[in-house]
1. Residue 61 versus residue 103, label points 7 Å from Cα toward the beta carbon: distance in nm?
2. Once both labels are modelled 7 Å past Cα along the beta-carbon direction, what's the residue 91-residue 169 spacing in nm?
3. Give, in nm to one decimal, the length gained when the segment between residue 21 and residue 130 is fully stretched (0.36 nm per residue of separation minus the Cα-Cα distance).
4. Using only the alpha-carbon atoms of the range 85-192, report the extent along each of the three principal axes, biggest first, to the nearest angstrom.
5. Under the √(5λ) rule applied to the eigenvalues of the Cα gyration tensor, what semi-axes describe the equivalent ellipsoid of the range 1-145? Give them in Å, descending.
6. Compute the label zone of residue 28 within the range 116-136: residues whose backbone N is under 20 Å from the point 7 Å along Cα-to-Cβ.
7. When you count, for each residue, the other Cβ atoms within 10 Å and take the mean per peptide, how do 156-168, 18-30 rank with the highest first?
8. Over the chain, with a Gaussian network built from C-alpha contacts below 10 Å, which listed residue (234, 222, 195) shows the highest mean-square fluctuation?
Ligand SMILES: [Zn+2]
């Protein structure tokens, strides 16, 4: 059976890398409720549960929404506290992000221990892989930040495609590594790598290509999709941006993206990542020690 996980990067539109310095947060609505409530309804109607990689600032601003997400059976996971990429942080600053996130999550959703982490903008790299040791120290069991192809902003082209225990270079396997890494799903066709895993690529690539790629990839390994609630929200504010950034940020936002997500929900039966990892790993326990 196809094993597929749905992951939502739960952040405001203003956390996106190309926008985060451009929005006056004091004077703007973050549009999180407007973007997330319809998504929760869509998932509930289909009985789909997902993993929500959540920014701490969003938990702080919307504790009731977070409680509703957990009550609906979704998995709460960590997307840092402030959504700064790892290349801007040192070890102490990153640990502070995780400590603050865990403390707030414990206060808002007592008894829920976040086990999964995703770095903002897939910013985990060999230069910042110390983050994995810090995550392990704070109760995390898996990471999903490796994008196994080169893009202008991020990517580890030689990384494995299926879940693995990463060495510090993120490419080699290390059975003693403290965390499991679940890389974003790509489809390898000869020398070509197609990013069929969601987000901008789900808004831009032809749907037939994405479905074909996901089905092919799913023959060999579990697949994982990601998207942002602001990509589904027709009311996401359109800020003046250079043409290239405008295309990356706004192309097919709102109804077209919602339709594409519906097609994926029809094609695969998605589960939260921790649930699938628990089934998959067996001899490779998700929680060590
Ligand atoms: Zn993000």
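Read-outs: derived from the displayed coordinates by stated rules, not from any lab. Please read all numbers here as calculations on a predicted model, not as lab measurements. Every residue, glycine as well, gets a Cβ built from its backbone with ideal geometry; the counts of neighbours run over all protein chains shown.
1. Roughly 2.1 nm, to one decimal.
2. Each label point is offset 7 Å from its Cα along the Cβ direction, giving 2.1 nm.
3. Details: separation 109, 0.36 × 109 = 39.24 nm, distance 2.64 nm.
Length gained between residue 21 and residue 130: 36.6 nm.
4. 49, 26, 24
5. That gives 23, 19, 15 Å for the three semi-axes.
6. Counting only backbone N, you get 120-122.
7. The peptides rank, most packed first, as 156-168, 18-30.
8. 234
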